[in-house]
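Chemist: Below you'll find the structure I mean.
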């Protein structure tokens, strides 16, 4: 660590948590795979069959538009389809993307920045979901001060690690005042809280709502809007730079399909949740539907560029990255072209930057 007493002791990485060395080792596999990474794409306009983009994804409702693109073949009309690669843990989602095993990913912006810092040739090209990061606590814990000495569950280098850190900072506290326990998967973290094995957790929707419903006396300490304001970024759509160079139309087709998915989700949220639960969201339909409005889709997140960059300081303080990234991590040009070429579609979206 940098010697800052406000930073968490890494000794608090307790089982069944993934260790920091393991997390960084997975990210480090990027350097060994960069030279051999291979894309599965060609120009959609010239392809007789749809181009298949291999992808990884997260488990929260921020991924819903991505799931709808896959389940409803929303990019097929433009010659593109998705092939999801299964990952055993949350850390592997980012690692496979960074190593070039997959072409695209919906990933927390924090994980993206660790990959970029490690040298992965990747760009953020659009958003996916906003809000939905929630700090949930056991009964009797009603404020940041009540968390002192308590155990908080989360994921490493994740947006779900940033919110509790910023929540505590706002109250004049730090990770040094709590015990941070890291987990591998979303269901694992939710069950640890529901079973009473941790005092609090920062989780994504729909698992935060599931925990509030399932654990008697559980309380919501923060949904992020009290710390960051409304419509803060959670997950982004990121692609390999090689894909942009070799098949820009495929990236544009995917962004357009994400917008169509957002439009469909906004028009009929129940149908979107029904089609993706429990296949992707490991909870009940009722819990997912209740949570859906708390973490809506928002593909155009240009307005959140400075918010994302500002969170990089936390990642540097926690030693996940060595240097603060610049606006070079974003390439909004394809999003802007899709917006210009599909004005009626863009105009129909409820949530957007413009």
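Chemist: Quick one: which helices (runs of 4 or more DSSP H) lie wholly within region 269-329 and hold at least 3 residues that are touching a residue at least 60 places away in the same chain (Cβ under 8 Å)?
Modeler: In region 269-329, the matching helices (runs of 4 or more DSSP H) lie at 269-276, 285-292, 312-317.
Chemist: Could I ask something else about it? Is it true that some residue in region 331-346 is in contact with a strand residue (DSSP E or B) (Cβ under 9 Å, 6 or more places away or on another chain), in the same structural domain as residue 109 (by TED's automatic domain parsing), surrounded by fewer than 21 Cβ atoms within 10 Å (Cβ to Cβ) and touching a residue at least 12 places away in the same chain (Cβ under 8 Å)?
Modeler: Of region 331-346, the ones in contact with a strand residue (DSSP E or B) (Cβ under 9 Å, 6 or more places away or on another chain) are 331-335, 338.
Among the residues that remain, those that are also in the same structural domain as residue 109 (by TED's automatic domain parsing) are: 331-335, 338.
Next, only the ones that are surrounded by fewer than 21 Cβ atoms within 10 Å (Cβ to Cβ) stay: 331-333.
Among the residues that remain, those that are also touching a residue at least 12 places away in the same chain (Cβ under 8 Å) are: 331-332.
Yes, the conditions are met somewhere in region 331-346.
Residue by residue, here is whether (1) over 30 Å from residue 249 (Cβ atoms); (2) modelled with pLDDT of 95 or more holds:
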| residue | (1), (2) |
| --- | --- |
| 88 | yes, no |
| 110 | no, yes |
| 114 | no, yes |
| 117 | no, yes |
| 139 | yes, yes |
| 142 | yes, yes |
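Chemist: Please determine, by comparing only the residues of region 105-120 that are out of contact with any strand residue (DSSP E or B) (no Cβ under 7 Å at 6 or more places or on another chain), in a helix (DSSP H, G or I) and in contact (Cβ under 8 Å) with a residue 60 or more places away in the chain, which one is surrounded by the most Cβ atoms within 10 Å (Cβ to Cβ).
Modeler: 110
Chemist: Which residues, taken from region 54-94, are under 28 Å from residue 290 (Cα atoms) and part of a strand (DSSP E or B)?
Modeler: Correct list: 55, 56, 82, 84.
Chemist: How about region 141-242: which helices (runs of 4 or more DSSP H) wholly inside it have at least 1 residues that are buried (at least 24 other Cβ atoms within 10 Å of the Cβ) and not assigned by TED's automatic domain parsing to the domain that holds residue 59?
Modeler: Helices (runs of 4 or more DSSP H) meeting the threshold: 159-170, 186-194, 207-214.
Chemist: Does residue 102 fit the bill of being in contact with a helix residue (DSSP H, G or I) (Cβ under 8 Å, 6 or more places away or on another chain), over 27 Å from residue 210 (Cβ atoms) and surrounded by 24 or more Cβ atoms within 10 Å (Cβ to Cβ)?
Modeler: yes
Chemist: Just one of 135, 194 is within 22 Å of residue 291 (Cβ to Cβ) and without any contact (Cβ under 8 Å) to a residue 24 or more places away in the chain; which is it? Show your work before the answer.
Modeler: Details: 135 fails: without any contact (Cβ under 8 Å) to a residue 24 or more places away in the chain.
Going through 135, 194 in turn, the sole match is 194.
Chemist: Just to be sure, is residue 204 under 18 Å from residue 157 (Cα atoms) and at pLDDT 95 or above?
Modeler: Answer is yes for this residue.
Chemist: I need the full set of residues from region 261-272 which are in contact with a helix residue (DSSP H, G or I) (Cβ under 7 Å, 6 or more places away or on another chain) and surrounded by fewer than 23 Cβ atoms within 10 Å (Cβ to Cβ), in order please.
Modeler: Here is the first cut: in region 261-272, the ones in contact with a helix residue (DSSP H, G or I) (Cβ under 7 Å, 6 or more places away or on another chain) are 261-265, 269-270, 272.
Within region 261-272, 263, 264, 269, 270 meet the criteria.
Chemist: Tell me, yes or no, whether region 244-251 has at least one residue that is surrounded by 24 or more Cβ atoms within 10 Å (Cβ to Cβ), assigned by TED's automatic domain parsing to the domain that holds residue 337 and under 24 Å from residue 92 (Cα atoms).
Modeler: yes
Chemist: Could you figure out which of (1) without any contact (Cβ under 8 Å) to a residue 40 or more places away in the chain; (2) touching a strand residue (DSSP E or B) at 6+ places or on another chain (Cβ under 8 Å); (3) closer than 27 Å to residue 307 by Cβ isn't true of residue 145?
Modeler: (2)
The values are calculated or read from the model by the stated rules, or taken from the named source; none is laboratory data. Computed from a predicted structure; not experimentally measured. Neighbour counts are summed over all protein chains in view; Cβ atoms, including those assigned to glycine, are modelled from backbone coordinates with ideal geometry.
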